[in-house]
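What follows is one structure encoded as structure tokens, with my remarks underneath.
Read-outs throughout are calculated quantities, based only on the coordinates presented, and are distinct from any laboratory measurement. No experiment lies behind these values; they were computed from the predicted model shown. For neighbour counting, all protein chains shown are included, and Cβ atoms are generated from backbone atoms with ideal geometry for every residue, glycine included.
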Amino acid sequence: MTSPVSPTIVRLGVRSVFGRRRGILLFLLPLVLVGLAVLVRVLVGDDLEAASDTLYGLGLVVIVPLVALLATTGVLAPEIDDGSIAYLLAKPISRHTIVVSKLVVAASCVLLFAAVPMLIAGLVLALDDPQLGAGFALGSLAGGLAYCAVFALLSVMTRHAVVVGLIYMLIWEGLLGGLLDGVRWLSVTRWAGAIIDQVTAEINLVEGLGTVYAVVATVIVVVAGTWLTGRKLRAFNLTGDE
Amino acid sequence: MSTLQLDHVSRWYRNVVAVNDVSMTIRPGVTGLLGPNGAGKSTLIALMSGFLAPSTGTVTLDGEPLWRNEQVYRKVGLVPEREALFDYLTGRQFVVANAELHGLPDADAAAQASIALVEMSDAQDRVISTYSKGMRQRIKMASSLVHDPAVLLLDEPFNGMDPRQRIHLMDLLRRMGAEGRTVLFSSHILEEVEQVARQIEVVVAGRHAASGDFGAIRRLMTDRPNRFVLRTADDRTMASVLLADPSVRGARLRSEGGIELEASDFGRFSEVLPQLARDHGIRLLEVTPTDESLESVFAYLVSA
């Protein structure tokens, strides 16, 4: 098989994400976002700052990485944990095809459960300014893809990918990203913020970070994360219970 | 026809040596990989299926390395020991997916043929999570056979099977071997291995302890002292009668009742015991081998 995507692995990946309990969370998270957007709109009214704070603080910092974490670890981690990934690996398929196929599923989840809800929440908060929602949707998609690549690599490197992913999200992206200015150069959320700033002229989420840098850094993380995951999977050790 | 070759293969995990300088050739036909639990059988199968890199030495299939070479899976079918499958799929969906991943032109037909071969046609539309252990084993077999591989590797395939399923799987493996496939399965039970395999490779504590047909291995195991506990209607008389026979090296009356006995010639002992009991009108209540655990057999093999 030379195609970079295997429809069979995509199909199995979709079943894997939604066949488990954590799949329900993927539906709940966007509901929380849109629900809160409605609440803010009702309580605060048409306010650009409140809209931007909600979309950034809840959407980009919390919902987007969580959706990416749930979707990516959902397609990779359980199979690695229980060893059933052997059935995919014992096939004449490039390991990169396996990873790309699984990331297609995770990226689709990011689009459906993070980017589209961000667009909807943006429209709810500022109906007369569709650029805001569109900017946040685009930024969410870019950031979500980078997160997926990072979490995919984590899934093949550690059996505790969800925990390590959450710690990374909370400590690096959340806490340190808010406290230390220099973190913006190595923060997926800040890169996404810079992309949003470029699309929506009225807001300024991240200071001193060029759009070109943000885009290039995002692309590098996506490509390098995907490639390294495939490489790691190529040297996957499957030992028995002995 | 394919041949697997291990050449001076060792594999260690940090300070623990799992496989120690093993060289063996697995040829077409059925080969049994026999050894006690923890002997390194699963590590060897992982090495032979390209799922583990040897620390030193080489593992090749028809001259090609297995490690980091996904193209070898066109020829190899693997049945892992671990139970985990894609539980949310039906048996048929699982085997069809395996056929598709092999890029077979008619995945459905190949899956149907493979499922029929393991006699799972009736249960193929049930979700795998509802399968018994034996059914899981058979659907795993079907998935590994779907691309008609020249080499079939099975890690402890008889675990959890009931006697009927066991007989069926044994028949299937024999047939695969007779068709010219290179079939290798691991087991820690000698009786299982000798019923199916023409060739037996014995591993103990990571070492290649013995190799040969089952007769040779059996002789190695039986031409040695065997210990038994006997309970009879008259232990004292039975002990003295048995001591008079050359097949018995020693006998001791146990304080809690019964005779502890060491036989030097297992074949002769198994013939004369019932004869002597009958001749002397002594009823045999119990004959229990006390050192038949494979560990003791292997310990003997390794020191031999």
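Observations on the structure shown:
- Net lengthening on full extension, residue A:53/residue A:199 (0.36 nm per residue, minus Cα-Cα): 50.9 nm
- Within 10 Å of the Cβ of each residue in A:89-98, the mean number of Cβ atoms contributed by other protein chains is 6.
- In percent, rounded to a whole number, the relative contact order of chain A is 24, using alpha-carbon pairs under 8 Å and six or more apart.
- Peptide-level mean, for B:44-51, of C-beta atoms on other protein chains within 10 Å: 4
- Applying the criteria of a DSSP loop state and at most 15 other Cβ atoms within 10 Å to the trypsin sites (Lys or Arg not before Pro) of the range B:244-274 yields B:254.
- Compared with the dominant Cα axis of chain B, that is its longest principal axis, helix B:163-178 is turned about 60°.
- With N counted as the residues of the range A:4-114, its alpha-carbon radius of gyration over 2.2 N^0.38 Å works out to 1.31.
- Debye-sum result for the protein assembly as shown in log10 I(q)/I(0), which assumes one identical scatterer on each alpha carbon, at q = 0.08, 0.10 Å⁻¹: -0.67, -0.88
- Cβ-Cβ FRET estimate between residue B:53 and residue A:20, R0 fixed at 30 Å, reported to 0.05: 0.40
- Charge dipole of the protein assembly as shown about the Cα centre (unit charges at C-beta), most positive-ward option of A:164, A:101, A:187: A:101
- Gyration tensor over the Cα atoms of chain B: the corresponding equivalent ellipsoid has semi-axes (square roots of 5 times the eigenvalues, largest first) of 43, 24, 16 Å.
- For chain B, the relative contact order comes to 21 percent (Cα pairs under 8 Å, sequence separation of at least 6).
- Centroid-to-centroid separation of the range A:106-150 and the range B:55-89 [C-alpha atoms, Å]: 41 Å
- Between residue B:255 and residue A:167, the modelled labels are 5.8 nm apart [label points 7 Å from Cα along Cα→Cβ].
- Long hydrophobic helices in chain A: the complete DSSP H runs spanning 15 Å or more by Cα along their own axis with mean Kyte-Doolittle hydropathy of at least 0.0 are A:7-18, A:22-44, A:64-82, A:95-110, A:130-157, A:188-199, A:211-234.
- Ellipsoid semi-axes in whole angstrom, largest first, where each is sqrt(5λ) of the Cα gyration tensor of the range B:84-133: 18, 13, 8
- Per residue of chain A, the DSSP helices (runs of n ≥ 4 H) give a summed -39500 (n - 2.57) that works out to -22000 deg cm²/dmol at 222 nm.
- Equivalent-ellipsoid semi-axes for the range B:136-205 (Cα gyration tensor, √(5λ), whole Å, largest first): 18, 15, 12.
- Judged by the mean number of other Cβ atoms found within 10 Å, the most tightly packed of the peptides B:204-217, A:50-63 leads the ranking A:50-63, B:204-217.
- For residue B:248, residues with placed amide H under 5 Å, excluding near neighbours: B:264
- For peptide A:81-87, the mean count of partner chain Cβ atoms within 10 Å of a residue's Cβ comes to 6.
- Residue B:15/residue B:243 FRET efficiency (R0 45 Å; Cβ-Cβ; nearest 0.05): 0.35
- In a fully extended conformation the segment linking residue A:160 and residue A:227 would gain 22.1 nm over its present Cα-Cα distance, using 0.36 nm per residue.
- Once the C-beta distance of residue B:234 and residue B:195 is scaled by a Förster radius of 30 Å, the resulting FRET efficiency is 0.20 to the nearest 0.05.
- Multiplying the residue separation of residue B:216 and residue B:64 by 0.36 nm and removing their Cα-Cα distance gives an extension gain of 51.6 nm.
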